[in-house]
1. Out of curiosity, is ALA471 in a strand (DSSP E or B) and either of a type in the set (D, E, K, R) or under 30 Å from PRO85 (Cβ atoms) (or both)?
2. Can you tell me which residue within segment 417-438, out of those that are among the small types (Gly, Ala, Ser) and surrounded by 17 or more Cβ atoms within 10 Å (Cβ to Cβ), is nearest to ligand 1 (Cβ to nearest atom)?
3. Give me the pairs: first residue in segment 1-17 and assigned by TED's automatic domain parsing to the domain that holds TYR103 and farther than 29 Å from VAL95 by Cα, second residue of a type in the set (D, E, K, R) and surrounded by 17 or more Cβ atoms within 10 Å (Cβ to Cβ), beta-carbon distance under 7 Å, and six or more apart or on different chains, which are they?
4. Given (1) in the same structural domain as ASP42 (by TED's automatic domain parsing); (2) within 16 Å of ligand 2 (Cβ to nearest atom); (3) at pLDDT below 95, identify the lone condition not met by GLY108.
5. For segment 35-79, enumerate the residues that are free of Cβ contacts under 8 Å to residues at least 40 places away in the same chain and either among the small types (Gly, Ala, Ser) or in contact with a Phe, Trp or Tyr (Cβ under 6 Å, 6 or more places away or on another chain) (or both).
6. Could you please let me know if GLN393 is under 23 Å from the mean Cα position of the chain (by Cα) and either more than 16 Å from ligand 1 (Cβ to nearest atom) or closer than 20 Å to TRP482 by Cβ (or both)?
7. Which numbered condition in (1) away from ligand 2 (no atom under 16 Å from the Cβ); (2) modelled with pLDDT of 95 or more; (3) under 30 Å from ALA516 (Cβ atoms) is the only one that LYS340 fails?
Amino acid sequence: SKKWHFKWEVGYIYWSPDCRENIMIGINGRFPGPTIRAKAGDTIKVELKNGLPTEGVVIHWHGIRQFGTPWADGTASISQCAINPEETFIYEFKVEKPGTYFYHGHYGMQRAAGLYGSLIVDVADGQKEPFDYDGELNLLLSDWYHQNSLLINGKGQHNCSLAAHLIPGSSTCRTKRGECEPVVLRVLPNKTYRLRIASTTSLSSLNLAIGHHKMMVVEADGNYVEPFSVNDMDIYSGESYSVLITTDQVPSSNYWLSVGVRGRLPQTQPALAILNYHPNSPSKLPASKPPVAPAWNDYAHSKSFSYKILARQGTPKPPTNPVRQIALLNTQNKINGYIKWSINNISLALPPTPYLGSMRYRLRNAFDDRKPPENFAREYDIMKPPINPSAIQGSNAYKLEFNSTVDVILQNANALSGNVSDIHPWHLHAHDFWVLGYGDGRFSKKDVTKFNLKNPPLRNTVVLFPYGWTAIRFVADNPGVWAFHCHIEPHLHMGMGVIFAEGVELVKKIPKEALACGMTGKMLMNNHLP
Ligand code: C2O
Ligand code: CU
């Protein structure tokens, strides 16, 4: 296995992701950040310099387990202190499992500002994927808050027709560097391609389709799934997939790949890319129109896609006896006049000292060390806006017994205004979990009997549908302190997350650079940390 060494500097850049110039956060002067490509078992070392003049920065490696390196998880206030301007932090970790991953900022709203990139892990030498393909294409999907344009590999079109780009000389919204030119996916006829798709959107849930081509889903979040074929697929923020496509359509034509919005009335045009059959010119307009996403509120369509995702044969099965069931009700609340999200009436407010340091060194008063609630009121009506909409902010953490099996029931509910319940894709750091089931309405005890224990898929992100519940199971086998949260960035920012801690006493020496803030920062200055 190999050790990769990268030197990155995060900084503000002028960029035109959707043909309009803006200030974004880039890495080494570019957006999106560099793609990391490694093999299972390799070590990645990123020397990250913060070149932002006035704010801290961290990078989270989404989907990577960080076993033995919990301080490299890149979550500000949880696994480390934000890296100060002009300072450098070294992330060093192993990539254990082949799959499609990505990385992104995990401090404030820096993901929405463009801090992300792809991370792809190939099978180790001598290993084989359980499916065959001739070539590979990579799509990193995101959104950009200038009118919320959708981006494919960092490129989109706001108010600027794609045809204008494709027909030479006719462009009305050309930019200096061609930053927003449509993505062209070059393919040969009659081959099979693996399309890697990941979504790091800050807000949007997405739907992807390719005109005239079926997609065979084979991987989700770095885990193989039982292959199934679809015409279009939903992708929530934090999820990644691989699909196989066969280029068996009329080869004299090109085809549109289109990405649209789910769960919210679309305010923008879909993002488009071109599947360019060799030897057609990439600027040849496809003969048929871009595929149209299903109606934004067609949740039945979305559910049927999610329900099809099952573990591929050979995937480890979940242990059968969870020692603990934690039910997490999300509600929208007002705290001091501001809209927040709460979990069992606590809106997550991160403390100034990272939990990993304060828990490892048993500091007092670094965060609220009372047990957070494991359940919510029996009589809570999830179909109505909260009667008492107030909640409190808190930094409480769930302490999980090391190596124990834990079930979590995510329960959705009505938001502050009537007849509104949002989609929330929940992401667990540093673990895969089994998705045991989904349901509509309020979770009831007897739903446990309907759990899929036979072939539940392993994932690191799972969707919670409006007014519904989602049940997951995982083994708390990774010493550290980990976030479990809604991957919609403003939702996390407004408190929609919880902290899980397990086996923290087993964590080896935490690099001092990770703890140079808050109470651990003071202790370091006084040489009071081991
Ligand atoms: Cu990709 Cu905590 O997130
Ligand atoms: Cu959410």
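1. Answer is no for this residue.
2. Applying the filter and picking the extreme gives ALA430.
3. Filtered contacts from segment 1-17: TRP15/GLU179; SER16/GLU179; PRO17/LYS155; PRO17/GLU179.
4. Of everything listed in (1) in the same structural domain as ASP42 (by TED's automatic domain parsing); (2) within 16 Å of ligand 2 (Cβ to nearest atom); (3) at pLDDT below 95, GLY108 misses just condition (2).
5. THR69, ALA72, GLY74
6. no
7. Exception for LYS340: condition (1).
Residues are listed down the side, and each one gets a yes or a no for (1) more than 25 Å from ILE387 (Cα to Cα); (2) of a type in the set (Val, Ile, Thr); (3) under 19 Å from the mean Cα position of the chain (by Cα); (4) surrounded by fewer than 16 Cβ atoms within 10 Å (Cβ to Cβ):
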position: GLY441; (1), (2), (3), (4): no, no, no, yes
position: LYS445; (1), (2), (3), (4): no, no, no, yes
position: THR449; (1), (2), (3), (4): yes, yes, no, yes
position: ASN460; (1), (2), (3), (4): yes, no, yes, no
position: PHE465; (1), (2), (3), (4): no, no, yes, no
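The values are calculated or read from the model by the stated rules, or taken from the named source; none is laboratory data. Predicted model, so just to flag it, every value in this text is computed and none were measured. Backbone-built Cβ (ideal geometry, glycine too); neighbour counts: all protein chains shown.
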